[in-house]
Each structure stands twice: as structure tokens, then as C-alpha cells.
């Protein structure tokens, strides 16, 4: 099959990658001058109480308390944090928490508030955790609408300490041993995720072959080289309000293609913090394996996936005769696609307490 001409995006190359963040759902309640945040990651749940402000020295500060909701929910929450930081937890006889407790006294500092490139208003805190001789710091930012939160790494040296402290407090006894993750994360069907430079992860469909192409492109093909899916990514800089939205970015790609006249209307959806936009087209193509044959009907797709910090372009082409197999592979790749995130440090500006 002959491939369509190379597609380019209008978004400029991004700045260097920033710190990764763990997306959380949150339910908030006010308790006098304190705020209780129930943080959720999948089936993992933990309760964080930000106490009333004690004072202000450069930044507003106060006490905080981390509480276990249940053993099962706490263990799942620690597992989510561990996976985010590249660790896993292993059951091991004889391992006990440093100081077994279902509550951890800690403290907070409010760094300020700011708006991200997509217009989301965030309030940013730094949390200080200590348990025995263990100590860690982590950023927490909460959306102004009260529905989202993110944990953001402060320093790589705190990773294992943070997971160990959370395991001691939230998971109950017996505590598990923290170690570097030995296996890749799995996609929706359990297949290993292919990870590239901390920017994106995706599943390679069973039986398909993955190869690296120049300029950061990744090509997936079936064993007979009849179907193809390509992925590329870029790091987004903070975008100004007038920057093209995702639909406009994809429309630019479609309009620049030789298949623009046959493109379907752009469709959109969202999953977690990722926005998707896609279009498909039909065309006739010469079969390079059978040059004497007449052109055959084929299908192609463009898809842009983006969060606040990373954008991925996914394209696919296949024969109409292979459409059932190709769409299963396409759906598996897109369902597994995960984009890395980061906090923009400049958003953590001084604000009123």
C-alpha cells in the first residue's frame, strides 16, 4: 500500500518536559476553617484535611491530616501513586510499617493560584509529610470548580519516601515492600504499554510490529504489512488564549492533505484529561505488492489527542477488505493511549491566603 503524504502540525516544538502529575477526582467539603478533600484515583481513595491557616510567612501555611477511608481503598490509592512514580508494592512476610497508623499529621503551604493554557484555574499547595525518619514533599493542586486535583512531583529523591509513608498510613498491616516497577503498565486488555520518553504510552496490538521512524514517529504494522498505524508526539508549551483549539489544529492537518475533499466531519470526545478529535477518509490506492492490479479501495484516519501539555498525532491506513481487523487494532491503540502531563511552575504565583 502506498502511504499518504507526510502530515505536519501547526503547533510549535515545545519546551523541555516538565514534572509528571497524577490526575485525581476530588470531593470537597468545608469543616469550619478547614477543607476536607476526598481524593480518588480509580478505586483508590484517601482523605486529606487541610486545616485552617495558622499564619503567614512569605506564604500562608497550616496543618494537614491524611486519613485512611478503608484498607482496600487505601491500598489501591497507594498503588496508583506508586505506579505514577515508577514503583510497585510487593507482599513480603515480616515487613511492617515504620509506625502503623491510619492518620498522618502533616503541614501545608499555599503557593498561590493561576490559570493553565486551557483556561483551568488551579490553586497550588505544597505538602510536607514525615513519619519517623522518613520525609517527603509533594505538590497538590486543586481546580477552582472543586472537581479535580493533581499530585505533582517536588523532587525525585522523595519518590520512594512518599510511597513508603503512604503505604504505612493508608494500606494497613501488613505493609508491602516498595521497589522499582519491574513490569510495564498494562493497557485495557492487559497488554503491556509501549512507553516513549515519558511522553505517551500505548499498546502494540497482538501480532503487530512496532518500529521507530525518523523524527519521533512510531509505526505499527500487521505481520503482512497490509495495515499501518503511526504515532508521533510533541510537548506543548503554554498556549495563549488565541491559539487554535484541537478541532482547528486537526482541520489544519485535514486541509493540507490530498484527501481533504473526502474527509468526514471532525468528531470529538474526552477521556480523563485527554481531548480527542478525529476524521476519516476513503481513497483508492495502488497495491505495491501487485503493481499490475487496478487501484484498490482503502480507508484512512487522522486523530489528534491532547491534554494541557502533550499532543499526539495518530494516523492509520488500511484496505477496505481489512477494515474489521484494522479497526480492532486501532481501537485498542486509542483506548490504551496515555499522555504525560506536567505542572507549569510559573502558575504557582503568590496569591492571597
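Taken together, the values in this text are just the output of simple stated rules run on the coordinates, not laboratory data. Since this is a predicted model, take the numbers as computed values, not measurements. Here the Cβ positions follow ideal geometry from the backbone for every residue, glycine too, while neighbour counts run over all protein chains shown.
So for 333, 120, fewest C-beta neighbours within 10 Å to most, what's the order? Kindly include the intermediate steps, with their values, before the conclusion.
Values: 333 22, 120 16.
The order, fewest Cβ neighbours first, is 120, 333.
At a 10 Å Cβ-Cβ cut-off, how would you order 91, 273, 54, fewest neighbours first? All intermediate terms of the calculation are to be shown ahead of the outcome.
On the way: 91 9, 273 18, 54 12.
Listing 91, 273, 54 from fewest to most nearby Cβ atoms yields 91, 54, 273.
What ranking of 288, 103 emerges when the number of other C-beta atoms within 10 Å of each C-beta is taken as an exposure proxy, fewest first?
288, 103
In nm, give the distance between the simple-model label positions of residue 181 and residue 65, each being 7 Å from the Cα along the Cα-to-Cβ direction.
For residue 181 paired with residue 65, the spin-label model returns 3.3 nm.
7 Å from Cα along Cα→Cβ at both residue 57 and residue 272: what's the point-to-point distance in nm?
3.9
Enter the per residue convex hull volume of region 21-183, computed from alpha-carbon coordinates, in Å³ rounded to the nearest integer.
In region 21-183, the Cα convex hull volume per residue is 122 Å³.
Would you mind computing the Rg to Rh ratio of region 198-339 from its alpha-carbon coordinates, Kirkwood style for Rh?
Result for region 198-339 is an Rg/Rh of 0.97.
At residue 90 and residue 247, where each label point lies 7 Å from the Cα along Cα→Cβ, what is the point-to-point distance in nanometres?
Calculated label separation equals 5.1 nm.
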